[in-house]
1. Modelling each spin label as a point 7 Å along the Cα-to-Cβ direction, I'd like the Ser297/Ile181 distance in nm, to one decimal.
2. For Lys146 and Gln68, calculate 0.36 nm times their separation in residues minus their Cα-Cα distance, and state this gained length in nm to one decimal.
3. How much FRET efficiency would the formula 1/(1 + (r/R0)^6) give for Thr117 and Val242, where r is the Cβ-Cβ distance and R0 is 45 Å, rounded to 0.05?
4. Work out, step by step, the length gained on full extension between Asn277 and Ala192: first 0.36 nm times the residue separation, then minus their alpha carbon distance; give nm to one decimal.
5. Filter the cross-link list Lys26/Lys218; Lys249/Lys272; Lys146/Lys249; Lys235/Lys256 down to pairs whose alpha-carbon distance in this structure exceeds 20 Å.
6. Please give the peptides 88-94, 60-66, 113-119, 164-170 ranked by average Cβ packing (other Cβ atoms within 10 Å per residue), highest first, as a rough proxy for protection.
7. Figure the gain on full extension for Asp110 and Lys218 (residue separation times 0.36 nm, minus the Cα-Cα span) and round it to one decimal in nm.
8. Take the alpha carbon gyration tensor of the stretch 61-115, find the square roots of its eigenvalues, order them as a ≥ b ≥ c, and report rounded if a/c is under 1.5; if not, report prolate when a/b exceeds b/c, else oblate.
Amino acid sequence: MNIFAKVMKKSFVNNRMLAGDILRGKWLLDSRSAPKMLEAARAFLRRELVNGTNTEPIRLTFQALDGQEQTVPSGEDANLTQPFVLIVPLQGTLTQYDNCFGTATMEVVDILEQYRTDENVIGFILDINSPGGAVNAVMPLVNEIKKIQADGKPIIAHCDFAASAAYWIASQTDAIIMDNILSEVGSIGVCATVIDDREDKATGEKRLTIYAPQSVDKNKAYRDALDGKFETMEKELSETAVVFQESVKAGRPKLKAEAEGVLSGAVFTTAKAIELNMADGTGDLASCVEIVAIRASRF
């Protein structure tokens with residue numbers, strides 16, 4: 001089997017889960033990226049590949065304090081003989097398993113778990129350029145971040161664009177470093193798009209779903225939304241929004257949560273994000289490596 005076939009097999013092994021997330025799951029996405037995501041989602045459901053489809057393994061960068069660097073695909077072993085900082089990219093739309101839209105967070109969890117106890121890895125950088133993603137993609141990675149912190153190793157976020165679910169993840173790290181003055185973070189909010197797929201446009205056939213009288217609440221939010229009644233879905237989204245907000249506030253205890261837009265979905269560029277304590281500073285990846293090294297008491 002060639003490497004492309006291996007990657008494709010790995011990428012789509014959970015495509016049923018992703019299809020279910022697309023059709024019925026909750027998503028935390030910056031609104032500017034949602035239309036492109038919707039196009040990709042429709043193509044995925046048609047079993048098509050589209051421009052921007054990611055079929056490559058995550059590439060890991062191991063940066064040594066003396067400047068030595070190793071870059072290896074996930075799943076391959078690095079030759080670590082001295083202290084390194086591991087840089088893991090979180091790019092594109094975040095999903096729990098399949099990475100055809102961007103990054104599969106369970107793959108990132110596996111990577112962090114693999115190197116969490118490696119004595120030659122002194123800390124971690126999540127290099128984030130993401131509009132967010134699926135709600136169920138967040139907590140597995142947040143839980144792994146907490147394991148790393150419990151082990152006493154530093155983990156920070158380097159952000160060019162970290163919105164919605166991506167910012168939720170970044171907010172749980174030890175520090176958020178913005179890449180440049182036009183970098184953006186935020187979009188702490190929850191919304192939903194419902195696609196009425198009850199009619200096959202090619203055949204004109206309509207799908208009818210019958211529920212048992214004992215199951216009146218099954219898929220109620222989705223069914224009500226199709227009928228123009230949004231109260232049930234609004235309640236579900238509100239519950240997710242509260243968890244999102246409280247998690248960010250816990251991860252960023254100095255956050256100016258009362259400031260306009262902070263917890264209601266606004267996005268902020270670097271200077272304002274730092275002023276609001278949504279981020280801690282500005283710097284490139286080399287600066288982030290130094291920060292991790294200092295926090296790991298290597299300088």
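1. Simple spin-label model gives 3.9 nm for this pair.
2. Computed gain between Lys146 and Gln68 is 25.3 nm.
3. It comes to 0.85.
4. 27.8 nm
5. From Lys26/Lys218; Lys249/Lys272; Lys146/Lys249; Lys235/Lys256, over 20 Å: Lys235/Lys256.
6. Highest mean packing first, the order is 164-170, 88-94, 60-66, 113-119.
7. Stretched fully, the Asp110-Lys218 segment lengthens by 35.5 nm.
8. Because a/c hits 1.5 or more and a/b exceeds b/c, the stretch 61-115 counts as prolate.
Throughout, read-outs are computed from the coordinates displayed, never taken from laboratory work. Remember, predicted model here, so these are calculated numbers, not experimental data. With ideal geometry, Cβ positions are generated from the backbone for all residues, glycine too; neighbour counts draw on all protein chains shown.
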